[in-house]
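No lab work stands behind these numbers, since they all come straight from the coordinates. Not measured: the values here are computed from a predicted model. Counting neighbours? That spans all protein chains shown, and the Cβs are built from the backbone with ideal geometry, glycine included.
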Amino acid sequence: MSFLDALLGRTRVPPARTEPLFTLSTAVITLESDLGWHPGGRAGVVLRPAADSLYAGAQEETRELVSLAAQEMASGVEVKKDEFGYQWLLFADRDWEDLVALAHMAGQNLKENGAGDRLLAAVFRLEKEGQVLYLIFSYKRGAFYPFIPVNDREKQRDNANEMRLAALMERELPWEKDMARWYPLWGCPV
Amino acid sequence: MRRQLGSDAGLTARMFFTMFLLAAVYLFFLAVLWQAGVGYSGLIIFVAIMLGVQYYFSDRMVLWSMGAREVSPREAPELHTLVERLAALADLPKPRVAVVPTSMPNAFATGRNPKNAVVAVTRGIMERLTPPELEAVLAHEMSHIRNRDMTVLTLASFFATVASFIMQNFFYFGAFGGRDREGSNNTMIVYLASMVVWVISFFLIRALSRYREFAADRGAAILTGSPGQLASALVKISGSMARIPQRDLRQAEAFNAFFIIPAAAGGNSLMELLSTHPSLQRRLDYLRRLEREMEDRR
């Protein structure tokens with residue numbers, strides 16, 4: 001956001017970055033062996049639908065492409081809308097690499113069809129002893145951050161564990177340094 | 001590859017032209033003050049300090065005077081989620097969130113910069129709007145934050161405030177001007193110049209404020225991707241705004257500049273010229289145009 005944009009009231013949504021997603025394929029080793037977080041077999045991409053037909057086309061094409069790829073990889077795909085009107089593309093697969101590939105493919109395809117500005121986040125589920133960790137990738141920041149919900153209704157999250165994770169993972173993943181931007185996704189369907 | 005809905009060249013040009021005119025009027029005013037000699041630098045410093053304090057504490061002052069209360073994510077989970085997601089989409093720091101306990105449907109944003117910004121909504125607006133409509137209203141307010149409208153309008157009204165001070169305290173300055181003929185002549189000239197500057201800048205600032213509203217509407221459309229939701233929210237809010245009892249209207253009058261829709265909406269073109277916000281019809285027309293622009297971008 002340049003000075004002139006602010007002065008003249010021009011709005012630009014920053015473009016989405018999808019490439020950093022691939023750093024996840026290797027980072028999972030550290031997550032598993034050092035920290036004990038195991039892949040939960042699920043991931044998702046969440047986006048804010050636009051009203052125009054151009055977006056609808058991009059979204060439809062992406063859904064078809066991802067479904068085809070998922071068939072080949074024997075993974076499940078589901079489309080869901082949440083109470084805020086955001087759209088979720090949900091993937092289920094035992095193989096971590098496949099989940100990363102699907103999430104990247106979905107984001108990349110939307111971007112190529114000109115709907116990249118609609119991308120909010122990609123979410124990966126990990127588990128440890130009944131606890132769930134959502135590793136969230138912000139497309140706008142091109143960075144990851146953790147979200148460990150403790151109680152959805154009370155809006156409580158495990159900050160201690162999240163910060164431990166940040167300390168240990170920030171060298172392996174492009175990490176969101178600003179903790180004020182670790183936005184939760186309550187009731188995350190992933 | 002699809003380009004985002006771009007900026008509105010016409011709107012940008014009008015905004016730029018208005019600011020240019022305002023700068024010209026202010027330069028003229030400064031030249032007159034300079035010609036008149038000493039005695040006014042103290043006033044300028046005084047106004048600078050006054051506006052500076054007002055600007056610096058704008059978030060707290062406006063919240064306090066509106067009776068708004070900051071709410072935690074636990075108290076207003078839906079509101080916080082909407083604001084967080086918009087902040088993430090726009091790559092803005094998340095503003096603080098406040099609620100005004102009144103049934104009048106409205107929303108406003110304030111704060112000196114994006115890091116110290118607050119968005120506030122009334123209970124009434126939360127009850128009346130659907131989540132996507134509320135999101136559109138929040139996106140409009142967050143565009144105000146992003147465009148730094150608080151800063152722009154504070155700076156734009158700086159010398160207008162100086163001029164209005166001189167007008168109000170004419171007799172004080174008149175006495176100050178000394179007994180000799182030249183001194184009182186100078187005072188008279190400064191007084192007349194202040195009056196002219198004040199009137200012209202008043203219209204220019206109001207025009208600028210209206211253009212910033214259009215820009216914020218456009219920003220909301222770009223952020224949410226659905227101009228229709230904002231249009232529907234505006235219709236809903238203004239429909240119920242007209243039915244508000246007089247007492248509330250007067251109470252709310254001073255804060256119109258911050259609101260998404262002013263409490264007292266005039267009908268004719270003169271009222272429009274004096275207004276901080278464009279008329280509902282103009283905003284709806286503009287949003288319809290945005291809807292078409294989005295469709296045509298192939």
Mean ellipticity per residue at 222 nm, deg cm²/dmol - from DSSP H runs of n ≥ 4 across chain A, formula -39500 (n - 2.57): -10500 deg cm²/dmol
If you take the charge dipole of the protein assembly as shown about its Cα centre, with +1 on Lys and Arg Cβ and -1 on Asp and Glu Cβ, which of B:Ala216, B:Gly42, B:Ala156 is farthest toward its positive end? B:Gly42
At 7 Å along the Cα-to-beta-carbon direction for both B:Arg14 and B:Ser103, put a label point, then send me their distance in nm to one decimal. 3.7
Determine the percent antiparallel among the DSSP beta bridges restricted to segment B:1-157, to the nearest 5. 55
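What is the mean number of Cβ atoms from other protein chains located within 10 Å of the Cβ atom of each residue in peptide B:73-86, rounded to a whole number? Mind showing how you got there, number by number?
Details: counts 3, 4, 1, 0, 7, 3, 0, 4, 10, 3, 1, 7, 9, 2.
The per-residue average across the peptide is 4.
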Give the distance, in whole Å, between the Cα centre of segment B:85-133 and the Cα centre of segment A:9-34. 29
28 Å Cα-Cα threshold exceeded, pairs from A:Lys81/B:Lys94; A:Lys111/A:Lys155; A:Lys111/B:Lys236; A:Lys80/B:Lys115; A:Lys80/A:Lys128; A:Lys128/B:Lys94: A:Lys111/A:Lys155; A:Lys111/B:Lys236; A:Lys80/B:Lys115; A:Lys128/B:Lys94
How large is the dipole of the protein assembly as shown about the Cα centre if only Lys and Arg carry +1 and Asp and Glu carry -1, each at its Cβ, rounded to the nearest 20 debye? 1620
Taking the Cβ of B:Leu89 as the centre, find all other residues whose Cβ is under 9 Å away and add up their charges (Lys, Arg: +1; Asp, Glu: -1). +2
Return B:Val190, B:Val137, A:Val150 ranked ascending by Cβ neighbour count within 10 Å, so the fewest neighbours appear first. A:Val150, B:Val190, B:Val137
Can you tally the net charge around A:Gly9? Count Lys and Arg as +1, Asp and Glu as -1, for every other residue whose Cβ sits under 15 Å from the Cβ of A:Gly9. +3
Name the shape class, rounded, prolate or oblate, that the alpha-carbon gyration tensor gives for segment A:13-181, where a ≥ b ≥ c are the square roots of its eigenvalues, rounded holds for a/c under 1.5, and otherwise prolate holds if a/b is larger than b/c and oblate otherwise. prolate
Within 10 Å of each Cβ in B:219-227, the average number of Cβ atoms from other chains: 5
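Within 10 Å of each residue's Cβ, count the other Cβ atoms and sort A:Trp37, A:Trp88 from fewest upward. Could you put the intermediate results ahead of the total?
On the way: A:Trp37 25, A:Trp88 19.
By the 10 Å Cβ count, ascending: A:Trp88, A:Trp37.
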What's the exposure ranking of A:Trp175, B:Trp198, B:Trp64, going from fewest to most Cβ atoms within 10 Å? B:Trp64, A:Trp175, B:Trp198
According to the square roots a ≥ b ≥ c of the eigenvalues of the Cα gyration tensor, what is the shape class of the protein assembly as shown, taking rounded for a/c under 1.5, prolate for a/b larger than b/c otherwise, and oblate for the remainder? prolate
So, over other residues within a Cβ distance under 14 Å of B:Arg14, counting Lys, Arg +1 and Asp, Glu -1, the net charge is +4
